[in-house]
Structures are given as C-alpha cells and as structure tokens.
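In what follows, a single structure is set out as structure tokens and then discussed.
Here, each number is a calculation from the coordinates, and none is a lab measurement. Here the structure is a predicted model, which means the values were calculated and not measured. No Cβ is skipped: glycine too gets one built from the backbone with ideal geometry, and neighbour counts run over all protein chains shown.
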Amino acid sequence: MQNNIYRKCLFHLSLLGVAASILVSFYDVIFGSLLEFFHLIFEVVEMGMDRVVEHFFDTDLHQTQLIVFYILLTIGGFLIYFAWKVLATMCSGLAKNIYADWSELVAAMARDWKAMSMINRVILVSVFLLVNYLASFLLF
C-alpha cells in the first residue's frame, strides 16, 4: 500500500518535471504557434462577419467595423466568463485531489519515519543532503 503511494507521488512529480522542461525548452515555439493560430482564426471569423453585416445591413466600412467589433466584444466576454467558470470548477476539483494525495503521502512518510531505526534515519538524511549538495552544482 505504501509503495503505491510513493509510486503515485513520483509519477506526478515526473509528469510535472516533463511538462516544465517542455514549456521552458520550447515556450517560444509552442506559444508563438498557438497565438498565430488563434490570430488566424480570429481574422477569418472577423472577415466572415464583415461580409455578412455588409450584405444584410447594407452599411459602409466604418459602420460595419463598429458592428462587428461590438459583436466580437460580446462573444469574447461570454467566452471569457464561461472559461472562467470551467477553470474555477476544474481547479477546485484538482485542489481537492492534490490535498487528499498530499495528506496520504505525509501520513505514509510519517509512518515510515517512525518505523525506521536510528541508523536508517541517519542514512536517509545523509543521502538527502548529499543528493541536494550534488544537485546544487548543476543549478548554480
């Protein structure tokens, strides 16, 4: 049971590390491509709406741009509102799951620490300090 808890923790930490390294390594490619894609979609929608408004309402360029701007502003406001609601719900559920996993991990670590002999505790702390000391050479 306790090994399963540690495996789950290591798996989640590994996923976090992979995601962070991908974002750090390729942030300009990922975000640049995404922003360019969304910009192209926006332009296509805007041009389509320009044509529809000009056709149905027989307006000049300035009036068409104002009408399309306010339509897009309204649609954007609704999309941001619904995205906010969805993200709040998702983050709330995620936070509850993370808290439950964290509590389970801390309880398992406390049980393991109490079950260890003094020699094993010294070895564990020494290995922890040694790994962090060696890792500091890579980071600083």
The chain, Gaussian network, Cα under 10 Å: of Val127, Val68, Val45, the residue fluctuating most is Val127
Can you give the net charge of the other residues whose Cβ lies under 14 Å from the Cβ of Val52, counting K and R as +1 and D and E as -1? -3
Gain upon complete extension [Ser25, Cys9; 0.36 nm per residue less C-alpha separation]: 3.4 nm
Rounded to the nearest whole number, the Stokes-Einstein translational diffusion coefficient of segment 31-140 at 37 °C and 0.692 mPa s (Kirkwood radius, C-alpha pairs) in µm²/s is 162
Which of Thr89, Thr59 has the fewest Cβ neighbours within 10 Å, and the rest in rising order: Thr89, Thr59
By how many nm would the segment from Leu124 to Ala95 grow when fully extended, if each residue of separation counts as 0.36 nm and the alpha-carbon distance is taken off? 7.4 nm
Please check: in the Gaussian network model of the chain (C-alpha springs, under 10 Å), which one of Phe128, Phe82, Phe26 has the largest mean-square fluctuation. Phe128
